[in-house]
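Participant: The structure follows.
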Amino acid sequence: MKTISAALATHLAGEVTTLATCWRLERTDGWARGFTDHDRNLVIDGLTYVAATGFLPSAIKSGADLSVDNLDVDGFLDDDALKAEDLSAGLFDGAKIDIFLVNWADLSQGRVLLRRGSLGEVKRADNRFSAEIRGIANRLQQVAGKLYSRLCRTDLGSAECKIVLAPLTDELVISAVSSGDTFTVPTARPTGFYTFGVCSFLTGANAGAATEVLQHNGQSIQLFTPMPRPITVGDQVRLVAGCDKTPETCYARFGNILNFRGEPHIPGNDKVFSYPVRG
């Protein structure tokens, strides 16, 4: 149930209204920014809602049948607010969204919340973006439970895995750059140690971004995807060991086979369609 102040309810019931739609975006790292479709900036609860992005929300529809109530927000990329490189780097993945109405002529009347959710799929084309806002009902579409798999279904260092990542984590400085996804670090770890691990950038133009490691060969690190901004010598990165989720690696490299979360001995499709052979 949405709550609304008596003053704002009276304003909505009037023949002429002065309404503005606002949305508040908060990333998982605490970065917060406000936007509005009004023609000037609005300051609400100490946060400035900028009017420079020209965003346009789609229609908001809710039903009583628990259907998914997602909506889309389209707008121009703004250099000071939404940067294309940050979107590509995943800094906005899972960000919280609040969309609400206010009376821009009298902000003391409060707000009426239209939708609360999280940022879903983001698409970019030229200088525009389209972001999917996923409501709470979207969680009902998520797969719950666990699936049988030959490979381990948990991540290295998780509560089920129980491996302590601190001894398997290194903070290093990039000494050479080959391309947007390949660089060199002074590490003595054996080849393959960081393969399928995580690389997080601590400094430089990509600070705050993280991606998976595709290949670790000697001191060379190749990422799954190129970074959205140029990698430069002197950037500091945090590299965490990787795991290919096979029982062989779990036993030989980590000595953690008792916590292996896979079923490598369950017969697969080949066994189902096989038949006895004489002899």
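Every number here is computed from the coordinates shown, using simple stated rules; none is lab data. These figures come from a predicted structure and were not determined experimentally. Note: ideal-geometry Cβ built from the backbone for every residue, glycine included; neighbour counts use all protein chains shown.
Participant: Mind putting together the pair-distance distribution for the stretch 1-43? All Cα pairs, 10 Å bins, whole percent per bin, short to long.
Facilitator: With a bin width of 10 Å, the distribution comes to 21, 37, 33, 9, 0.
Participant: Taking the stretch 175-262 on its own, what percent of its Cα-Cα pair distances exceed 17 Å? Before the final figure, lay out each step's value.
Facilitator: On the way: 1816 of 3828 pairs.
Counting every Cα pair in the stretch 175-262, those more than 17 Å apart make up 47 percent.
Participant: Would you please give the residues with an amide H less than 5 Å from that of Ser149, counting only those at least 5 places away or on a separate chain, with H modeled from the backbone geometry?
Facilitator: Amide H to amide H, under 5 Å and 5 or more residues apart or across chains, Ser149 pairs with Glu263.
Participant: Each residue of the stretch 181-188 in order: what ³J(HN,Hα) in whole Hz does its phi give by Karplus 6.51 cos²θ - 1.76 cosθ + 1.60, θ = phi - 60°, with x for Gly and Pro?
Facilitator: Karplus values, whole Hz, x for Gly and Pro: 10, 9, 8, 10, 10, x, 10, 9.
Participant: What is the gain in length, in nm to one decimal, between Thr10 and Ala252 on full extension, counting 0.36 nm per residue of separation less the C-alpha to C-alpha distance?
Facilitator: On the way: separation 242, 0.36 × 242 = 87.12 nm, distance 7.01 nm.
Value of the extension gain: 80.1 nm.
Participant: Return the long-range amide H neighbours of Asn256 (sequence gap of 5 or more, or a different chain), with a cut-off of under 5 Å between placed amide H atoms.
Facilitator: Amide H neighbours of Asn256: Tyr251.
Participant: Ser175 to Ser158: extension gain in nm, 0.36 nm per residue of separation minus the Cα-Cα distance? It would help to have the intermediate numbers written out before the result.
Facilitator: Details: separation 17, 0.36 × 17 = 6.12 nm, distance 3.09 nm.
Gain on stretching Ser175 to Ser158: 3.0 nm.
Participant: Further question on the same structure: For the peptides 190-203, 111-124, 13-26, what is the packing order when you average, over each peptide's residues, the other Cβ atoms within 10 Å and list the highest mean first? Before the final figure, lay out the partial values.
Facilitator: Details: 190-203: 17.9, 111-124: 16.4, 13-26: 14.8.
Descending mean neighbour count gives 190-203, 111-124, 13-26.
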